[in-house]
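Values in this text are rule-based calculations from the coordinates and carry no lab data. Treat the numbers as computed from the prediction; the structure is a model and nothing was measured. For neighbour counting, all protein chains shown are included, and Cβ atoms are generated from backbone atoms with ideal geometry for every residue, glycine included.
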Amino acid sequence: MKLVSFKHAAAISYGVFEDGAIRDVGALLQGRFPTLRAALAAPAEISQAVEKAPLVALDEVSLLPPIPDAGRIVCVGLNYRAHIAETGRGAPSYPILFPRYPDSLVGHGSNLVRPRVSSNFDFEGELAVVIGKPGRHVGVDRAMEHVAGYACFNDGSVRDYQRRASQFMPGKCFWRSGAFGPWLVTRDEAPEPAEMELQTRLNGEVMQQAGVNDLLFDIPTLVSCLSEIWPLQVGDVIATGTAGGVGEHREPPIWLKPGDTVEVEITGLGTLANTVIDE
């Protein structure tokens, strides 16, 4: 299934994207599961509700991040070998982790906001993993049982703020600076991550292209590692790192500016597209 969260008129709901429209599953289930994050705990009920759910045209809604109320959004730094090489840094021996917050993300079709305090606004196409089953101290061999599915992610980064201290977080959490979507593809309908290809385009020109198999720390390792730190919760989001080709490491650097369109496409997951505006 392609699971979406969306705003229709004044109401926020969730559903299943199919045949160019959305089945508004939330219209039937919101009394028990107010958000998609809550409903992920009962995937069978989502499937059963699809046939009876009312149809909503895609052009009548605004897509939100698939999990707009995520309890945790954890990003992984320096996790593609090609990106590690372009930074000139050594490969980390343990995942580099930092948080994002829900209001730093927009959905497909919404504007990314370049903050007024910086012009060093960069793109980072990534694969996002969403947790669908709670767990604590999860072994690598069982980790994929806890994955609900995957989505495209743009870890938009304000580079000068990212470099002001040893912690990445300030440059990674600017308001509406990143994107997530357009939908969450459930694991049973998605390709295996090692078979996925990630491509980021800026105004139609390819900036990043890599196989997800270039990850230094693969998805089972990341899920297992995070489960040692805290109990995994349904709806937790893991942004698994970006590929080589970011704007900061080009000569000269390429920074996002108003009017630019960034697209992140991943095999089997669709394309996440956003236009940049100034704050």
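Having 3 or more residues that are more than 23 Å from the chain's Cα centre (by Cα) is the bar; report the helices (runs of 4 or more DSSP H) wholly within region 1-108 that clear it.
Numbers: elements: 26-29, 36-39, 43-50, 81-87.
Once the helices (runs of 4 or more DSSP H) in region 1-108 are filtered for at least 3 residues that are more than 23 Å from the chain's Cα centre (by Cα), what remains is 26-29, 43-50.
Taking the conditions exactly as written (acidic (Asp, Glu), more than 22 Å from Gly139 (Cβ to Cβ) and in contact with a strand residue (DSSP E or B) (Cβ under 6 Å, 6 or more places away or on another chain)), does Glu189 satisfy them or not? Give the derivation first.
Working: acidic (Asp, Glu): yes; more than 22 Å from Gly139 (Cβ to Cβ): yes; in contact with a strand residue (DSSP E or B) (Cβ under 6 Å, 6 or more places away or on another chain): no.
So Glu189 fails the test.
Within region 170-191, track down each residue that is farther than 15 Å from Asp155 by Cβ and under 17 Å from the mean Cα position of the chain (by Cα). Spell out how you get there, then give the answer.
First, pick out the residues of region 170-191 that are farther than 15 Å from Asp155 by Cβ: 182-191.
Those that are farther than 15 Å from Asp155 by Cβ and under 17 Å from the mean Cα position of the chain (by Cα): Pro182, Trp183, Leu184, Val185, Thr186, Arg187, Ala190, Pro191.
Kindly list, by first and then second residue, each pair from a residue in region 100-123 that is without any contact (Cβ under 8 Å) to a residue 40 or more places away in the chain and within 22 Å of Leu64 (Cβ to Cβ) to a residue that is outside any strand (DSSP E or B) and among the hydrophobic types (A, V, I, L, M, F, W, C), limited to pairs with Cβ atoms under 8 Å and residues at least 6 apart or on different chains.
What qualifies is Pro102/Ala70.
In region 26-41, how many are crowded, with 24+ Cβ neighbours inside 10 Å and touching a Ser or Thr at 6+ places or on another chain (Cβ under 8 Å)?
2
Determine if region 41-53 includes at least one residue that is in contact (Cβ under 8 Å) with a residue 60 or more places away in the chain, hydrophobic (A, V, I, L, M, F, W, C) and more than 24 Å from Gly109 (Cα to Cα).
Within region 41-53, the first condition is being in contact (Cβ under 8 Å) with a residue 60 or more places away in the chain, and the residues that meet it are 41, 43.
Going one step further and asking which of them are hydrophobic (A, V, I, L, M, F, W, C), we end up with 41.
This time we only want the ones that are more than 24 Å from Gly109 (Cα to Cα), so: 41.
Checked against the condition, which is being in contact (Cβ under 8 Å) with a residue 60 or more places away in the chain, hydrophobic (A, V, I, L, M, F, W, C) and more than 24 Å from Gly109 (Cα to Cα), region 41-53 yields at least one hit.
Which ones in region 160-198 are surrounded by fewer than 19 Cβ atoms within 10 Å (Cβ to Cβ) and more than 30 Å from Ala44 (Cβ to Cβ)?
Asp160, Arg163, Arg164, Ala165, Ser166, Gln167, Met169, Pro170, Trp175, Glu197
Listed here are the residues, each with its yes/no results for (1) in contact with a Lys or Arg (Cβ under 9 Å, 6 or more places away or on another chain); (2) crowded, with 16+ Cβ neighbours inside 10 Å; (3) among the basic types (Lys, Arg).
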| residue | (1), (2), (3) |
| --- | --- |
| Val206 | no, no, no |
| Asp218 | no, yes, no |
| Leu222 | no, yes, no |
| Val262 | yes, yes, no |
| Ile266 | no, yes, no |
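Just one of Asp19, Asp24 is of a type outside the set (A, V, I, L, M) and within 17 Å of Glu189 (Cβ to Cβ); which is it?
After ruling out the rest, the residue left standing is Asp19.
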